[in-house]
Amino acid sequence: MRRRNAYFCAVRRVAMIGYHHGQTPETHMRYFPLFVDLQGQPVLVVGGGAVAERKIRVLLAAGAAVAVAAPRLTRQLREWAAGGRLRHVGMAYEAGQVEGQRLVFAATGDSAVNQAVFQDAEARGVLVNAVDDPAHCRFISPAIVERGPVQIAISTSGASPVLARRLRGRIEALLPAGLGGVAEAAQSLRSRVKRRLPAAARKRFWEGIMADANLLRWSAMRTERIRAEMDRVLRGFREHRGGDAAPAGRVYLVGAGPGNPDLLSLRALQVLGQADVILHDRLVPEAVLDRARRDADRIYVGKAAGEHQCSQREIERLMIAEARRGRTVVRLKGGDPFVFGRGGEEAEALRQAGVDFEIVPGITAATACAAYAGIPLTHRDHAQAVTLVTGHGAGAGGDSPDWSSLAGPGRTVAVYMGVKQAARIRRDLLAAGLPRNFPVAIVADGSLATQVVLTGTIGRLPELAAGVPAGRPGLLIIGQVAALGSTLCWFNESAAVSEAA
């Protein structure tokens, strides 16, 4: 293979920690990991508070027959009891209640009760867990990552539940939400694979079908569609007599957001982690590209005013050609692909070429810049509508927007690429009847450490634009909400500048 999966390599490195300095797995492993089938099985929970409710929620999802012993129950537990989802068996714990249970949980917060439950369960050979009381636990509950039938349990052997939760969060970000559908579709296919393929070919089939590119693509589909795709692969596998059929490539039109890598969506991170080739714009910073797979090919296709590095047709040709080579292609754009990002044109070109694609939305400049400048685009008292326009049409020779219908009291206009057209936009706004003291703001490098916010009025718009550092992308906001930035600013406040009308 040309590469190894970085995630699983990292998992292997973590697994080896503790085996150094002469330690062995036998001396390091205290708890034996186990998944228990609790469908219809009796489970006792002692306690009726919030902690007990959290445990019971998971137990009910696993199909357990839950009984609760507690003098008081939370409202949710009372509703579940009234609806027959659990049984309330007593006002106080009694020793005989653990008899015949598969599992017992003590979730009372009372150490004496927890100890009594533990001792009774131990005497009867019933597995018991006292919440947050490791000394009275025969088993512990792990942090769980769940994607349908796919479950990952994380444990620190009780040493640090907070660390287990942190690790859970990291794994949650790695695994697509639709991964469970892939597992369900594979389960439905197993019998057919067993009937149609000889034993020697099955392992190779499953390893091919669970390739990273397939998992990434299928996790965004409905289970029925995944089943159909797997059937198609199975037919192709048989027709090639188990040979390697040419893989199908796919293009992901991904929104990189405003440039702050922490604002990438989980789906964007998943896609970047599996990309074979990345075609990226000028506005995508290195910090975002660093979140991509390290050995992915990077192709700069950025376009700046007056100096096009790569034409739109060339970009579309590159995407199609790379996908036809069976590669996972990411077309990475600043902001959102479908908001002044020409994503619609690229999707049309891919569809016409018969290339599979997916759109991964990003946080567009209007929402990111406004939020980080403390400017609400809508506000019950100041703006009941918001419009996104491009400033390109406001330049010389371009058709200016109908400002009289877009801007004014009760409305917000966010102008993309309008900073260089500030003088013309001011002239058109005044001609449309807006007063010179109507609020405006310019946000440059929104959401980044270098963010600059300039607030003022239409009358001073060219002077505000002159304060934007050269070469920095900026967003113009026109509306009464722009004035709120001076009081609601929360990010990089030292870089927020107000100017008088």
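The values are calculated or read from the model by the stated rules, or taken from the named source; none is laboratory data. Remember, it's a predicted structure, so these values are computed and weren't measured experimentally. Reconstructed Cβ throughout: ideal geometry from the backbone, glycine too, with neighbour counts over all protein chains shown.
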For the structure I just gave you, tell me whether Ala177 is of a type in the set (Gly, Ala, Ser), exposed (fewer than 15 other Cβ atoms within 10 Å of the Cβ) and in contact (Cβ under 8 Å) with a residue 12 or more places away in the chain. yes
Is it true that Gly408 is of a type in the set (Gly, Ala, Ser), in a strand (DSSP E or B) and over 29 Å from the mean Cα position of the chain (by Cα)? no
Kindly indicate which of Thr390, Thr412 is polar (S, T, N, Q) and at pLDDT 95 or above. Thr412
Filter the range 180-209 for residues that are buried (at least 17 other Cβ atoms within 10 Å of the Cβ) and assigned to a loop (DSSP other than H, G, I, E, B) and give the result. Leu197
Only one of Gln76, Gln115 is of a type outside the set (A, V, I, L, M, F, W, C), farther than 18 Å from Lys55 by Cα, touching a residue at least 12 places away in the same chain (Cβ under 8 Å) and assigned to a helix (DSSP H, G or I). Can you tell me which? Gln115
Would you mind finding the one in Arg202, Arg124 that is basic (Lys, Arg) and closer than 28 Å to Ala65 by Cβ? Arg124
The one condition Lys55 fails out of (1) among the basic types (Lys, Arg); (2) in contact (Cβ under 8 Å) with a residue 40 or more places away in the chain; (3) farther than 30 Å from Ala177 by Cα is (3)
Restricting to the range 332-370, count the residues that are touching a residue at least 12 places away in the same chain (Cβ under 8 Å), of a type outside the set (D, E, K, R) and not in a loop (DSSP other than H, G, I, E, B). 14
Could you tell me which of the residues Val46, Val66, Val51 is of a type in the set (Val, Ile, Thr) and under 23 Å from Val162 (Cα atoms)? Val51
Looking only at the range 214-232, count how many residues are buried (at least 17 other Cβ atoms within 10 Å of the Cβ) and more than 14 Å from Gly178 (Cα to Cα). 2
Taking the stated definitions as given, is Ala385 farther than 30 Å from Ser311 by Cα and in contact (Cβ under 8 Å) with a residue 24 or more places away in the chain? yes
